[in-house]
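Okay, structure first, notes after.
The values are calculated or read from the model by the stated rules, or taken from the named source; none is laboratory data. The shown structure was predicted, so the numbers you read here are calculated from the model rather than taken from an experiment. Here the Cβ is made from the backbone with ideal geometry for all residues, glycine too, and neighbour counts use every protein chain on show. Keep in mind that these areas ignore ligands, DNA and RNA; they rest on the heavy atoms of the full protein, side chains included. Shrake-Rupley method; radii C 1.70, N 1.55, O 1.52, S 1.80 Å.
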Amino acid sequence: MSRPYVLLSVAVSADGFIDDVDPQRFLLSNAADFDHVDQVRAESDAILLGAGTVRRDDPRLLVRSAGRCAERTARGLPEHPLKVVVSGGGDLDPALRLWQRGGDKLVYTTDDGARAARGRVGGLAEIASLGTRVDFPALVDDLADRGVERLMVEGGTCIHTEFLKAGLADEIRMAIAPTLIGQAGAPRFLNPDSFPGGPARRFHLEDVTRLGDVAVLRYFPKVTSEKG
């Protein structure tokens, strides 16, 4: 079975940050962008987050629109996509909202992390070990075996970095907010790393959409600008 179509979704400030240093999540998007993200979620078979983002943001990872949930069930799908969490160490808090709200949950971890994850959220999610380390190509292949055709990756920094480093991303949905964070310790979209093609490689920009004061860019990493 072919691998799922992988879409990375991120909102960044004009100076490239995805959050500030405050413990409270800094909301970069506006209502129109949040609604569009909800549409992308509804079109996905699974939504993936790293454990650090789950701990920091305590997301529900639900399709918020009742109409979109109804459309999914009319197509024979569950109301909400599969929720996928990546945690190498398995240190997961069962009290967080993701585990308590609708939809099936799946945790990818390591052999060592699986023991911890089963003790923490084993009754709330399926635990899948990828071996001695989190192997992202193997993770995507396993999702394909589970019938996932469209995977939405919502971060955070380390997760997005790993998908791009491994050449697994088919699309990047980047919402750019008209604000500057400017804090040295604030998280960015990606960590420094070696990416396929290096800095000379240029992605194909498919389109730019204006949603209020937010610009949404769609990049196709597997298509170079010369070919596009």
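General remarks:
- If the condition is being assigned to a strand (DSSP E or B) and either farther than 19 Å from I159 by Cα or in contact with a Ser or Thr (Cβ under 7 Å, 6 or more places away or on another chain) (or both), then region 1-23 contributes A11, S13.
- Those residues of region 109-146 which are outside any helix (DSSP H, G or I), touching an Asp or Glu at 6+ places or on another chain (Cβ under 7 Å) and under 17 Å from I47 (Cβ atoms), in sequence order: A128
- Selection count, region 68-93, where residues are assigned to a loop (DSSP other than H, G, I, E, B) and polar (S, T, N, Q): 1
- Of all residues in region 46-67, those that are over 26 Å from Y108 (Cβ atoms) and part of a helix (DSSP H, G or I) total 2.
- Members of region 186-228 that are assigned to a loop (DSSP other than H, G, I, E, B), among the polar types (S, T, N, Q) and more than 20 Å from the chain's Cα centre (by Cα): S194, S225
- Test result for E162, under 16 Å from L49 (Cα atoms), open to solvent by 40 Å² or more (accessible area, probe 1.4 Å), in contact with a helix residue (DSSP H, G or I) (Cβ under 9 Å, 6 or more places away or on another chain) and among the acidic types (D, E): yes
- Of residues in region 24-40 being part of a loop (DSSP other than H, G, I, E, B) and farther than 13 Å from R210 by Cα, the one modelled with the highest pLDDT: L28
- Number of the condition not met by D57 [criteria: (1) over 27 Å from A95 (Cα atoms); (2) open to solvent by 30 Å² or more (accessible area, probe 1.4 Å); (3) among the acidic types (D, E)]: (1)
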